[in-house]
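We did not get these values from a lab; they are worked out from the coordinates using the rules stated. These figures come from a predicted structure and were not determined experimentally. Please note: Cβ atoms are built from the backbone with ideal geometry, for glycine as well, and neighbour counts cover all protein chains shown.
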Amino acid sequence: MRNSIYILLAVLAFSVAGCATTQDLKAVRSELNQKMEEKLAAMDAELAAVKKNAANLESMRKGQANTAADIADLRDNIQQLRGQVETLKKDLAVNTKKEEQAFDNLLLKVNFIENFLEIGKKDIANDTPDKNGKSTGTAVAKDQVKKQDKEKAYSAAYQIFKEGNYDKARTEFQNFLAAYPDSEYSDNAQFWIGECYFFEKKYEQAILEYEKVAKNYPSGSKVPYALLKQGLSFLKLGDKTSAKLLLQQVIKDYPNTSQARIARSKLQEIK
């Protein structure tokens, strides 16, 4: 600014003195224009810098807003995940119950199948030829009526059990044992009495009836089943110690059976 004033004073001085020429005036004007242009260029540069700073500030504000929005989204996602975890926990509890029920149902089906197989084997054994080539079934024709009555009584009680009428089935099996205490089906009948109590969730009575299988029919095929179900009954009652002892006994005494495999599986669950 001071230089511009000095230049203007010089112009005035030349004019007053009458010594300033047209060429001098043009030179002064050219210098003034150049300085004005430089000044304007500097101001434009400052203005551009200010605009750039303003743009950067706006960008930062938008970035902060976006970050805040992202954090809010993350919080919502975390909340949703927590809800999903809680739902999974509940589903797991429900599925565990269903698996236990499925396990019991599967065990029952296995018992049914193996029981029928045992009946078939016993029937075949009773009808094999003797040394003379005659069928023992024919030789004991006098006992056929009694045998049929016995099988009919057992089958009737067993059918009632399969239908889920455990109270009536238990009575029928007890009547069968009273009539045929030492038959080939007696150990089975005693075992099914224990099963009636088990499926009625009367686990203490079931344990006592299973005990009779091992005590009264120690050489019968239902002993490993009875020991296993005793262990499961104690487990249902919350007595893990007794349950472990019985399951370990099944594995020790009957190592290569389906009952031993089930016992091992249950022991792992208890741990």
Report summary line: Protection proxy (average C-beta count within 10 Å per residue), highest first, orders 182-195, 246-259 as 182-195, 246-259
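Quick check: residue separation of LEU245 and LEU208 times 0.36 nm, minus the Cα distance between them. What number comes out in nm? Write out the running numbers ahead of the final one.
Details: separation 37, 0.36 × 37 = 13.32 nm, distance 1.62 nm.
Contour length minus the Cα-Cα distance gives 11.7 nm.
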Query raised in the report: Going down the table (LYS150/LYS240; LYS212/LYS266; LYS150/LYS215; LYS146/LYS212), which pairs top 31 Å between alpha carbons?
Result: LYS150/LYS240
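Calculated FRET efficiency, GLU200 and GLN80, Cβ-Cβ r, R0 35 Å, to nearest 0.05? It would help to have the intermediate numbers written out before the result.
Details: r = 44 Å, r/R0 = 1.26.
Computed FRET efficiency for GLU200 and GLN80 comes out at 0.20.
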Query raised in the report: Each label point is 7 Å from the Cα along the Cα-to-Cβ direction; what then is the distance between the points at GLU163 and ASN216, in nm?
Result: 2.4
